[in-house]
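> Take a look at the following structure, please.
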Amino acid sequence: MKISRKDLAKMIDHTLVKPAATKDEVAKLCEEAEKYRFGSVCVNPTYVFLATRLLKETDVTVCSSVGFPFGVTLPEVKAFEARRAVENGACEIDMVINIGALKSRDYETVKRDIEAVVDVRHYRDDVVVKVIIETGCLTAEEKVMACKLAKEAGADFVKTSTGFIKGGATVEDVRLMRETVSEDMGVKASGGIRTLKQALAMIDAGANRIGTSTGVAIIEGFPNT
């Protein structure tokens, strides 16, 4: 697999979504994203405005989590959260599905939940919506169904994990997700990706975004030749 350091950096969502994150830590995240030219920073909604302000003179976009990390809020609440994030400057939304509804085979609720967030495009039509399916909680059949529902609902990406539940991204899950959505959607690998080797393995399996809190270490590990 051939990939440049520049291209890899653009595939990284430099992430800080821990509940105790401070303003100073978010500022550092943004500084690193600008320095290494990452594709985006991913932060919780409370820091979207700050990140947007700090990155306004750069080409780094701001991504906001929604319904994070458990996905158990109501569709209208997720929709409102997404709209407020966009109003504050977010260009991308990473939402968590209703995992319990999926496991209950209440597929209409799952799809409606995703559609409520996708509807944020009424406020900004170029918003990218990524759907976190939390692979560590799902069977293979459920992973496939989650991907199909996200695709039907009009999302742009499916994403493996929040990183808050045991079981992060695996090569097998990324490959299954890519096979399910074909080339029509993006696949974001996230959860436990801390090394260049891991990131490249995910990309080789079909991921075209990498969510990680260790983007700096990954890029600095890229060979200069």
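The values are calculated or read from the model by the stated rules, or taken from the named source; none is laboratory data. Since the structure is predicted, the reported quantities are computational estimates derived from the model, not experimental observations. Positions of Cβ are generated from backbone atoms using ideal geometry, with glycine treated the same way; all protein chains shown enter the neighbour counts.
> Are any residues in segment 98-114 touching a helix residue (DSSP H, G or I) at 6+ places or on another chain (Cβ under 8 Å), in a helix (DSSP H, G or I) and either closer than 15 Å to GLY67 by Cα or not hydroxyl-bearing (Ser, Thr, Tyr) (or both), and if so, which ones? Walk me through how you get there before you give the answer.
Narrowing segment 98-114 to residues touching a helix residue (DSSP H, G or I) at 6+ places or on another chain (Cβ under 8 Å): 98-99, 101-103, 107, 109-114.
Right, trim to in a helix (DSSP H, G or I) and you get 99, 101-103, 107, 109-114.
The answer is ILE99, ALA101, LEU102, LYS103, THR109, VAL110, LYS111, ARG112, ASP113, ILE114.
> Out of everything in segment 182-209 that is hydrophobic (A, V, I, L, M, F, W, C) and over 16 Å from the mean Cα position of the chain (by Cα), what residue ends up being nearest to VAL129 (Cα to Cα)?
ALA205
> Among the residues of segment 87-95, is there at least one that is touching a residue at least 40 places away in the same chain (Cβ under 8 Å), part of a helix (DSSP H, G or I) and under 21 Å from LYS151 (Cβ atoms)?
No, the conditions are met nowhere in segment 87-95.
> Would you confirm, using the coordinates I've provided, whether SER40 is polar (S, T, N, Q) and in contact with a strand residue (DSSP E or B) (Cβ under 6 Å, 6 or more places away or on another chain)?
On the way: polar (S, T, N, Q): yes; in contact with a strand residue (DSSP E or B) (Cβ under 6 Å, 6 or more places away or on another chain): yes.
So SER40 fits the description; yes.
> Would you check if there is a residue in segment 152-168 being in a loop (DSSP other than H, G, I, E, B), in contact with a Ser or Thr (Cβ under 6 Å, 6 or more places away or on another chain) and farther than 23 Å from LYS111 by Cβ?
Here is the first cut: in segment 152-168, the ones in a loop (DSSP other than H, G, I, E, B) are 153-156, 160-168.
If we keep only those that are in contact with a Ser or Thr (Cβ under 6 Å, 6 or more places away or on another chain) as well, we get 160-161, 168.
Of the ones still in play, those that are also farther than 23 Å from LYS111 by Cβ are 168.
The answer is yes, given that some residue of segment 152-168 is in a loop (DSSP other than H, G, I, E, B), in contact with a Ser or Thr (Cβ under 6 Å, 6 or more places away or on another chain) and farther than 23 Å from LYS111 by Cβ.
> On the given criteria, is ILE219 over 14 Å from the mean Cα position of the chain (by Cα), buried (at least 16 other Cβ atoms within 10 Å of the Cβ) and touching a residue at least 40 places away in the same chain (Cβ under 8 Å)?
Numbers: over 14 Å from the mean Cα position of the chain (by Cα): yes; buried (at least 16 other Cβ atoms within 10 Å of the Cβ): yes; touching a residue at least 40 places away in the same chain (Cβ under 8 Å): yes.
Against the criterion (over 14 Å from the mean Cα position of the chain (by Cα), buried (at least 16 other Cβ atoms within 10 Å of the Cβ) and touching a residue at least 40 places away in the same chain (Cβ under 8 Å)), ILE219 qualifies.
> Here's something else I'd like to know. Just give me the residues in segment 150-182 being farther than 23 Å from SER64 by Cα and either among the small types (Gly, Ala, Ser) or modelled with pLDDT under 95 (or both), in sequence order.
Of everything in segment 150-182, just one residue is farther than 23 Å from SER64 by Cα and either among the small types (Gly, Ala, Ser) or modelled with pLDDT under 95 (or both), namely SER182.
> Give GLU57, GLU142 a once-over and let me know the one that is acidic (Asp, Glu), on the phi < 0 side of the Ramachandran plot and touching a helix residue (DSSP H, G or I) at 6+ places or on another chain (Cβ under 7 Å). Spell out how you get there, then give the answer.
Values: GLU57 fails: touching a helix residue (DSSP H, G or I) at 6+ places or on another chain (Cβ under 7 Å).
Answer to the check: GLU142.
> Applying the selection to segment 168-185, what residues are of a type in the set (Gly, Ala, Ser) and surrounded by fewer than 19 Cβ atoms within 10 Å (Cβ to Cβ)?
Scanning segment 168-185 gives a single hit, SER182.
> Answer yes or no: is there a residue in segment 30-42 that is more than 21 Å from GLY221 (Cβ to Cβ) and of a type in the set (A, V, I, L, M).
Initial filter on segment 30-42 (more than 21 Å from GLY221 (Cβ to Cβ)): 30.
Still in the list and also of a type in the set (A, V, I, L, M): none.
Scanning segment 30-42, I find no residue that is more than 21 Å from GLY221 (Cβ to Cβ) and of a type in the set (A, V, I, L, M), so the answer is no.
> Say whether the condition of being without any contact (Cβ under 8 Å) to a residue 40 or more places away in the chain, of a type in the set (Lys, Arg), over 20 Å from CYS42 (Cβ atoms) and surrounded by 20 or more Cβ atoms within 10 Å (Cβ to Cβ) is met by at least one residue in segment 134-145.
The answer is yes; a qualifying residue exists.
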